[in-house]
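Here is the structure we will look at, set down as structure tokens.
Derivation of every value follows stated rules applied to the coordinates shown; laboratory data play no part. Treat the numbers as computed from the prediction; the structure is a model and nothing was measured. Note that we place each Cβ from the backbone using ideal geometry, even for glycine, and neighbour counts take in every protein chain shown.
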Amino acid sequence: MISRHKKCHIITFGCQMNEYDSLRMAQILSDTYRLTPFAEDADLILINTCSIREKAEHKLYSLLGRLRPLKQKKPGLKIGVTGCVAQQLGKRLFSRAPHIDIVAGPQGLYGLPRALKAIEDGKTHIAMTRLEDKFQIPQVSVPLPIRRPTRAFVTIMQGCDNFCTYCIVPFVRGREMSRPPQDILSEIRSLVEQGVKDITLLGQNVNSYGKNLPEPVEFPDLLRAIDDRFPELRLRFTTSHPKDLSDDLISCFSSLQGLCEHLHLPVQSGSNSILRRMNRKYTIEQYLEKVEKLRKTCPGITITTDIIVGFPGETDKDFQDTISLLEIVRFDQIFTFKYSERPGTAAATFTDSVPEEVRKERLQQVIELQNRIGLEQYRRLENSVMECLIEKGQGMKLQGRTRGNHVVNIIENKQLVGQTVNVFIEKACHHSLKGRLVN
Ligand code: SAH
Ligand code: SF4
Ligand code: F3S
């Protein structure tokens, strides 16, 4: 049977919110388009972009260069650039790459069906980059087309009001707006009906969820409501801003059955003076106090973080404070970034930038230190039995995830995807574990 659908290929850069938005694009276009994994087959190519660091932005330009010959060969092909670079550069992208047809920011993507129709009617170069202060993520009745059988993301809020001085997000994602709990619950229900067993709630700062809803709801209330309705579901969330991590939220780690023992708590730097210049609104002492409370409430909780090295004005002493912090907290995993200047942010006006060579050296030092600490943290799990949800399996290889978010590789030829099994951990590697099934 020949499908009446056209084909759409989506390429996603950036964070989990962009992954979610890419599914949303597939969802709202599903009347007319089916997804294809091959760019060459597509009638529409959408590139969902990230502008968090300069490198992320460069990926877009090299990809656009590679797509130009494809468009020349197939004049009917439409190309759309969506997401954070689209929001930031808007119409300017058309002069940089005239073979783009549509530019749509994170709010504008909901206008894609209309824009595609207009292009078919002969319009060219459509930009949808207005940022509404009170933007609400629309509800769509068709289910989200999930990519993995067991695990999914659900965006619970848009935008960010924190304005950390290095960060572009508040400029490209607009003001913070929460989705009403009933929208979130019905989306989770539909995912659970599709077989999803592990859900991560997404927001730039989930701890301030609910602030602007007509009936105020706090984030722990939302967690309790989800846990209550879906007691079998593994529940996670990201990202938590340390300044807003409340005692009530910490207590959820011991009181809610579904809430997994993992928290990503970005610290960014170990130096109070750098944290002040980053506008992070907490001190290292306050951060450490929260880590201590978390570990007391939920022994063994996996704690991960983000670190930026080479922020303007970061001295050797400031950097040493970050090194000491890593030794003190002993994170299970960290994500490290070299500071990248973002146009329009406050830090872009700071004049005391750290030389590139020093940034590189500091990044290397942090990575090496964490490689050691991370492996030591993972080794503590050797010879224990852990509950694993099997996420994929092919031939002799199964891959699962623990509640603490460790990836576990298992040599076993069984159909177990979607099942929760007990696994004996034989060996720790960097960023993963090896184990065997326990009968
Ligand atoms: N909302 C989340 C994170 C958003 S971006 C939070 O507040 O934690 C993810 C990470 O990218 C940040 O935690 C930060 O470590 C890093 N990042 C953001 N802007 C950056 C920049 N200009 N240069 C380098 N890293 C950056
Ligand atoms: Fe960026 Fe800070 Fe908002 Fe996170 S909290 S998105 S780092 S401004
Ligand atoms: Fe990148 Fe936008 Fe996410 S800038 S990190 S895709 S919010």
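Of note:
- Relative to the current alpha-carbon distance between LYS281 and SER432, full extension at 0.36 nm per residue lengthens the span by 51.0 nm.
- Neighbour-limited loop hits for chymotrypsin sites (Phe, Trp or Tyr not before Pro), the range 137-240 (at most 14 other Cβ within 10 Å; DSSP other than H, G, I, E, B): PHE163
- Using only Cα coordinates, the Kirkwood hydrodynamic radius of the chain works out to 23.3 Å.
- Over 27 Å between alpha carbons, listed pairs LYS134/LYS281; LYS7/LYS197; LYS6/LYS134; LYS397/LYS427; LYS6/LYS71: LYS7/LYS197; LYS6/LYS134
- Translational diffusion of the range 385-437, estimated by Stokes-Einstein from the Kirkwood radius over alpha carbon pairs at 37 °C in a medium of 0.692 mPa s, is 313 µm² per second.
- Scattering curve values for the range 291-439, log₁₀ I(q)/I(0), Debye with Cα scatterers, q = 0.19, 0.21 Å⁻¹: -1.06, -1.19
- Taking THR322, THR200, THR124 in turn, the Gaussian network model of the chain (Cα-Cα springs below 10 Å) assigns the largest fluctuation to THR124.
- Relative contact order of the chain, defined on C-alpha pairs under 8 angstrom at six or more residues apart (%): 10
- Antiparallel bridges, percent of DSSP beta bridges restricted to the chain (to nearest 5): 35
- Summed side-chain charge close to ILE334 - residues other than ILE334 whose Cβ falls under 13 Å, Lys, Arg +1, Asp, Glu -1: -2
- Rh by Kirkwood over Cα pairs, then Stokes-Einstein D for the range 30-188 at 1.567 mPa s and 4 °C, µm²/s: 76
- Tensor-based shape of the range 24-114 (alpha-carbon gyration tensor, a/c under 1.5 rounded, otherwise prolate or oblate): oblate
- Net lengthening on full extension, LEU70/ASP306 (0.36 nm per residue, minus Cα-Cα): 81.2 nm
- For the chain, CYS8, CYS15, CYS50, CYS84, CYS160, CYS252, CYS260, CYS298, CYS388, CYS429 stand unpaired, since no other cysteine beta carbon lies under 4.7 Å from theirs.
- FRET efficiency for the GLU382 to LEU288 pair, using the beta carbon distance and R₀ = 25 Å, is estimated at 0.35.
- Dividing the mean sequence gap of close Cα pairs (under 8 Å, 6+ apart) by how many residues the range 144-201 holds gives a relative contact order of 49 percent.
- Each Lys and Arg contributes +1 and each Asp and Glu -1, all at the Cβ; summed about the Cα centre of the range 218-326, the dipole is approximately 100 debye.
- Prolate/oblate/rounded call for the range 132-260, Cα gyration tensor, a/c under 1.5 rounded: oblate
- Stretchable slack from THR349 to ASP121, in nm (0.36 nm times residue separation minus alpha-carbon distance): 77.6 nm
- The calculated FRET efficiency for the pair ARG34 and ASN439, based on their C-beta separation and a Förster distance of 41 Å, comes to about 0.45.
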